[in-house]
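Trainee: Pasting a structure here, questions to come.
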Amino acid sequence: MQLEEKLKQLPAKPGVYLFRDAGGEIIYVGKAVSLKNRVRSYFQHGAQYQPKTKLMLEKVAGLDFIVTDSEVEALILEQNLIKEHRPRYNVLLKDDKSYPYLKVTLNENYPRVQITRRHVKDGSRYFGPYTRVGAVNETLRLLKKIFPFRSCKLREPVARERPCLNHHIKRCLGPCCGLTDRETYRSMINEVCLFLEGRQEELTKHLTARMEEAAGNLEFEQAAELRDQLRAVREVIEKQKIISGGFEDQDVIAMARAFDEACIMVFFVRGGKLIGRDHFILKGTEGLSRSEVLGAFVKQYYTGVDFIPGEVFLSEDVGEEKAVIEKWLTGRKGVKVFLKTPSRGEKKKMVEMVAKNALLTLEQVQSEGITQRDEAAAALAELAGALALERPPRRLECYDISNTQGTGSVASMVVFEGGKPARDQYRRFKIRTVTGPDDYASMQEVLRRRFTRALEEKELLRTGQLSSKEAKFYLLPDLVIVDGGKGQLSAARRIMRELGYAGIPAYGLAKEDELLFSEGRAGPIALPENSRALHLLQRLRDEAHRFAITYHRNLRGKAGLKSLLDEVEGVGRVRRSALLKAFGSVTGIQKASLEELAAVHGMNKKAAQAVYDFFHK
């Protein structure tokens, strides 16, 4: 349907609209109280827009819309679609998918505390996101010192006769050996959550009451352990800055701006004390008001956090969206949430302090970015000079083969753009046509599949049957590196010539002496040991090797489990998967009791007996 026809059919109801370009890719997602009025306003004759909006409208070729029951539902849907599609013309939290969280696995009988980068609705509680992995690791180390939760990898602890070392050093309550009950363990996990929420004052009351109760029951060893926990928590509290005399939970948010990006700083106040801070970088902010930028951040940030305070202090008023954002946050928290923009007093000073920190952080981020870009540009320029390339290569691709004595061969394709890893463009391959340890033939298969797919996608893009977002191989490298010497390089070049890509320069990088081999050149190229170009190629090659090895190990582990359990009668693919999920490994399955095997989802007594007998008879 033509865009003009879609515009005529827009309803005067709340909802979300999606603009698409000529290739069908979503380039902008927005919400509206009235889809009809909002979307049509973009196409009014003589309307004046910011340069960014004007450029977007020039590329709009298609329109979709989704009607919702309320503006709050539209806001939620808008944020979910932005996170899923990451449209080019929306304000985006930079790399928000990779921010680490602390995850408390409340969906397990004996929960664990882990670091994760995936925030999914699985019954767990997530604390974060954190912008620094170091801060997450530091928090986890502190938690392990204070609280004796289990750190084993299995979803549920497997019964053991003797507890592990962590129990002996007071770092685990030993649920695997029946040394604690579920209620006691859960009580300790609740205290972990209080700590992560910043409710240390409430936590100290819990610990004090438990310590006094243990002492009153003459359980002096337990009382001493609780005393040590209490002391550690109080040391943390003493380091926290008192912000107010009350016991409010607040977030204080302020921003600093550059041309096309902004730094948002968040200070976390819990129980009247400043317990921490974090910063986030927003991309694509040019042409937007400060109010629009801060509003976009608030919506994206609170979509991904579990704890929402009762008050959020902002450096800018978010304008007409304030009421709907407050209503949305109130619905998520269950009690009233207020967005406030203080204009005087201590709260105003606090917001200004956060704003100063945001400006300093933005200057530091930009300075580091410039330094990294300069280093990468210098390395690429040096590489171009050493290899006699016409210009510095922007896109580098490296290929590596991994197998075990010729079995389970796989390959990796790693991409660097502008001297930095482009991990979303990494690709991995199972070798299909080669039997035995033949790295040359394996390299040829991978290059053939890669460049054949490039030809196919180029034609599909030309005819409009494929969008650039769906295409995986249409972008071509400026330089190809294969892990190996003359043999691997010759194999790769034969395929590139055959498919019409001989014009792309390719080199082999031999690991032993770090020498570069080129087709048609008698001797190797030796880059200086301290050269930026060599360090860049080494990082590229090592990343390809790591990616291939990881893939190979994963497949080998799955194949080992499959081949072993294939011999058990009555255990098929679904039950194999369920057993692995429950016990983590073949060793875990082997150690499980008959009752534990039968309790696994999808198993019955007959299948459990067959598995038990297989390992024990």
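Trainee: Criterion first (touching a strand residue (DSSP E or B) at 6+ places or on another chain (Cβ under 7 Å), among the polar types (S, T, N, Q), buried (at least 23 other Cβ atoms within 10 Å of the Cβ) and not in a strand (DSSP E or B)) does Ser412 satisfy it?
Mentor: Against the criterion (touching a strand residue (DSSP E or B) at 6+ places or on another chain (Cβ under 7 Å), among the polar types (S, T, N, Q), buried (at least 23 other Cβ atoms within 10 Å of the Cβ) and not in a strand (DSSP E or B)), Ser412 does not qualify.
Trainee: Residues of segment 415-436 being assigned to a strand (DSSP E or B) and either touching a strand residue (DSSP E or B) at 6+ places or on another chain (Cβ under 9 Å) or over 22 Å from Leu380 (Cβ atoms) (or both), which ones?
Mentor: Once the filter is applied, which keeps residues that are assigned to a strand (DSSP E or B) and either touching a strand residue (DSSP E or B) at 6+ places or on another chain (Cβ under 9 Å) or over 22 Å from Leu380 (Cβ atoms) (or both), segment 415-436 yields Val415, Phe416, Glu417, Pro421, Arg427, Arg428, Phe429, Lys430.
Trainee: Just checking, does segment 157-170 include any residue being within 22 Å of the chain's Cα centre (by Cα), of a type outside the set (Gly, Ala, Ser), in a helix (DSSP H, G or I) and not assigned by TED's automatic domain parsing to the domain that holds Arg277? Walk me through it before giving the result.
Mentor: Pass one, segment 157-170, residues within 22 Å of the chain's Cα centre (by Cα): none.
So far as segment 157-170 goes, no, none of its residues is within 22 Å of the chain's Cα centre (by Cα), of a type outside the set (Gly, Ala, Ser), in a helix (DSSP H, G or I) and not assigned by TED's automatic domain parsing to the domain that holds Arg277.
Trainee: Search segment 327-348 for residues that are among the acidic types (Asp, Glu) and pair each with any residue that is surrounded by 14 or more Cβ atoms within 10 Å (Cβ to Cβ) when their beta-carbon atoms are under 9 Å apart and the residues are at least 6 apart or on different chains.
Mentor: Glu346/Ile243; Glu346/Ser244
Trainee: Let me ask you something else. Check off (1) within 24 Å of Leu537 (Cβ to Cβ); (2) modelled with pLDDT of 90 or more for Leu455 and give me the number that stays unchecked.
Mentor: Checking Leu455 against (1) within 24 Å of Leu537 (Cβ to Cβ); (2) modelled with pLDDT of 90 or more, the one that fails is (1).
Trainee: Residue check: is Lys153 surrounded by fewer than 18 Cβ atoms within 10 Å (Cβ to Cβ), under 27 Å from the mean Cα position of the chain (by Cα) and in a helix (DSSP H, G or I)?
Mentor: Taking the combined requirement at face value, the residue does not satisfy it.
Trainee: Taking only pairs six or more apart or across chains, which ones have beta-carbon atoms under 8 Å, a first residue in segment 284-308 that is at positive phi, and a second residue that is part of a helix (DSSP H, G or I)?
Mentor: Once the first residue is at positive phi and sits in segment 284-308, its partners that are part of a helix (DSSP H, G or I) give Gly284/Lys52; Gly287/Pro51; Gly287/Lys52; Gly287/Thr53.
Trainee: Kindly indicate whether any position in segment 324-335 is over 23 Å from the mean Cα position of the chain (by Cα), surrounded by fewer than 19 Cβ atoms within 10 Å (Cβ to Cβ) and outside any helix (DSSP H, G or I).
Mentor: Yes, some residue in segment 324-335 is over 23 Å from the mean Cα position of the chain (by Cα), surrounded by fewer than 19 Cβ atoms within 10 Å (Cβ to Cβ) and outside any helix (DSSP H, G or I).
Trainee: What residue, of Leu537, Leu466, Leu527, Leu515, is surrounded by 15 or more Cβ atoms within 10 Å (Cβ to Cβ), under 21 Å from Phe451 (Cβ atoms) and not basic (Lys, Arg)? Working first, answer last.
Mentor: Working: Leu537 fails: under 21 Å from Phe451 (Cβ atoms); Leu527 fails: under 21 Å from Phe451 (Cβ atoms); Leu515 fails: under 21 Å from Phe451 (Cβ atoms).
Just a single option satisfies the conditions, and that option is Leu466.
Trainee: Still on this model: Given the criteria without any contact (Cβ under 8 Å) to a residue 24 or more places away in the chain, in contact with a helix residue (DSSP H, G or I) (Cβ under 8 Å, 6 or more places away or on another chain) and of a type in the set (A, V, I, L, M), does Ala502 qualify?
Mentor: On the way: without any contact (Cβ under 8 Å) to a residue 24 or more places away in the chain: yes; in contact with a helix residue (DSSP H, G or I) (Cβ under 8 Å, 6 or more places away or on another chain): yes; of a type in the set (A, V, I, L, M): yes.
So Ala502 passes the test.
Trainee: Inspect all residues belonging to segment 447-455 and state whether any of them is surrounded by 16 or more Cβ atoms within 10 Å (Cβ to Cβ) and under 29 Å from Asn530 (Cα atoms).
Mentor: Restricting attention to segment 447-455, the residues satisfying the condition of being surrounded by 16 or more Cβ atoms within 10 Å (Cβ to Cβ) are 447-451, 454.
Right, trim to under 29 Å from Asn530 (Cα atoms) and you get none.
So far as segment 447-455 goes, no, none of its residues is surrounded by 16 or more Cβ atoms within 10 Å (Cβ to Cβ) and under 29 Å from Asn530 (Cα atoms).
Trainee: Can you pull out every residue in segment 51-89 that is under 25 Å from Lys322 (Cα atoms) and touching a Phe, Trp or Tyr at 6+ places or on another chain (Cβ under 6 Å)?
Mentor: If the condition is that a residue be under 25 Å from Lys322 (Cα atoms) and touching a Phe, Trp or Tyr at 6+ places or on another chain (Cβ under 6 Å), then Phe65, Val72, Leu75, Pro87, Tyr89 are the ones that fit.
Trainee: If you check His168, His85, which single one turns out to be within 30 Å of Tyr17 (Cα to Cα) and out of contact with any helix residue (DSSP H, G or I) (no Cβ under 8 Å at 6 or more places or on another chain)?
Mentor: Numbers: His168 fails: within 30 Å of Tyr17 (Cα to Cα).
Testing whether each residue is within 30 Å of Tyr17 (Cα to Cα) and out of contact with any helix residue (DSSP H, G or I) (no Cβ under 8 Å at 6 or more places or on another chain) leaves just His85.
Trainee: Can you work out which of the residues in segment 168-226 that are small (Gly, Ala, Ser) and closer than 30 Å to Gly310 by Cα is surrounded by the most Cβ atoms within 10 Å (Cβ to Cβ)?
Mentor: Gly198
Trainee: Taking the condition modelled with pLDDT of 85 or more and in a helix (DSSP H, G or I), does Glu397 pass?
Mentor: On the way: modelled with pLDDT of 85 or more: yes; in a helix (DSSP H, G or I): no.
Here the answer is no, as Glu397 does not meet what is asked.
Trainee: Just the residues that are part of a helix (DSSP H, G or I) and either under 14 Å from Tyr399 (Cβ atoms) or modelled with pLDDT under 90 (or both), please, taken from segment 495-531.
Mentor: Hits for segment 495-531 are Ile495, Met496.
Trainee: Can you spot a residue in segment 199-217 that is modelled with pLDDT under 80, under 30 Å from Tyr301 (Cα atoms) and touching an Asp or Glu at 6+ places or on another chain (Cβ under 9 Å)?
Mentor: Among the residues of segment 199-217, at least one is modelled with pLDDT under 80, under 30 Å from Tyr301 (Cα atoms) and touching an Asp or Glu at 6+ places or on another chain (Cβ under 9 Å), which makes the answer yes.
The values are calculated or read from the model by the stated rules, or taken from the named source; none is laboratory data. Note that the structure is a prediction, hence the values are computed from the model and not measured. Cβ sites come from the backbone with ideal geometry, for glycine too, and all protein chains shown count toward neighbours.
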